Amino acid sequence: MKSHQFYMKLALEEAQKAFDLGEIPVGAIIVMNDEILSKAHNLVETNKDSSAHAELLAIKSAETILNEKYLSGCTLYVTLEPCIMCSGALIWSKIDRIVFGAMDAKVGACGSKYHLVQEAANNHKIEVIQGILETECESLLKQFFADLRK
């Protein structure tokens, strides 16, 4: 089995693609049984679509590949803690695990600002692992916003 760091490096490659497009640099990978099902990066500006977050694009792609609406047995690797919208979709997709790099103190919904995926009332519980390659994930985001302010 490959390490969390291995897959997060691939998610960072996706985040770099977003960065190169002028998108907020977030990348996502969905893995099942050590096989990559989908890769995605933010395309909100490119697609003029507020829902084109890396996580949602990766979910849609993985569901298409599996021809299933549920992602049981899958892990999402994402460079930034998922927001409320993405966390809701992850709950509905019944994904098993979320592994993320950087915390999102403003809108993160997997433990920093909100605890949506761990909410006791949810019918599906998602394991959360945070801080994988956190420094690298944060660095890309900080560079993006510093460049934007120039």
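The values are calculated or read from the model by the stated rules, or taken from the named source; none is laboratory data. Small disclaimer: the values here were computed from a predicted structure and weren't measured. Ideal geometry is used to build each Cβ from the backbone, glycine not excepted, and the neighbour counts take in all protein chains shown. These accessible areas exclude ligands, DNA and RNA; they are computed on the full protein's heavy atoms, side chains included. Shrake-Rupley method; radii C 1.70, N 1.55, O 1.52, S 1.80 Å.
Structural remarks
- Set Lys39/Lys106; Lys2/Lys48; Lys2/Lys113 screened for pairs whose C-alpha atoms are more than 27 Å apart: Lys2/Lys48; Lys2/Lys113
- Sum of side-chain charges, Lys106 neighbourhood, beta-carbon under 13 Å (Lys, Arg +1; Asp, Glu -1): -1
- The chain, helix-only ellipticity at 222 nm - DSSP H runs n ≥ 4, -39,500 (n - 2.57), divided by all residues, nearest 500: -12500 deg cm²/dmol
- Here the label points at Asn123 and Thr46, each 7 Å from Cα along the C-beta direction, are separated by 3.5 nm in the simple model.
- ³J(HN,Hα), Karplus 6.51/-1.76/1.60, whole Hz, each residue of segment 111-116, x for Gly, Pro: x, 7, 8, 10, 10, 4
- Spin-label pair Ser3/Lys69, simplified geometry with 7 Å Cα→Cβ offset, distance in nm: 3.9
- Scanning residues 5 or more positions from Val99 or on other chains, those with amide H under 5 Å from its amide H are Leu76, Tyr77, Val78, Ile129, with H placed 1.01 Å from N in the peptide plane.
- Apportionment of accessible area to carbon and sulfur, segment 22-150, percent (1.4 Å): 53
- For segment 49-144, alpha-carbon Rg relative to the globular expectation (2.2 N^0.38 Å, N residues): 1.04
- On a per residue basis, the chain carries 51 Å² of accessible surface, using protein heavy atoms and a 1.4 Å probe.
- Calculated FRET efficiency for the pair Asp147/Glu35, C-beta based, R₀ 41 Å, to 0.05: 0.70
- Only helices reaching 20 angstrom along their own axis (Cα) with mean Kyte-Doolittle hydropathy no lower than -1.0 count here, and for the DSSP H runs of the chain these are 4-21, 134-149.
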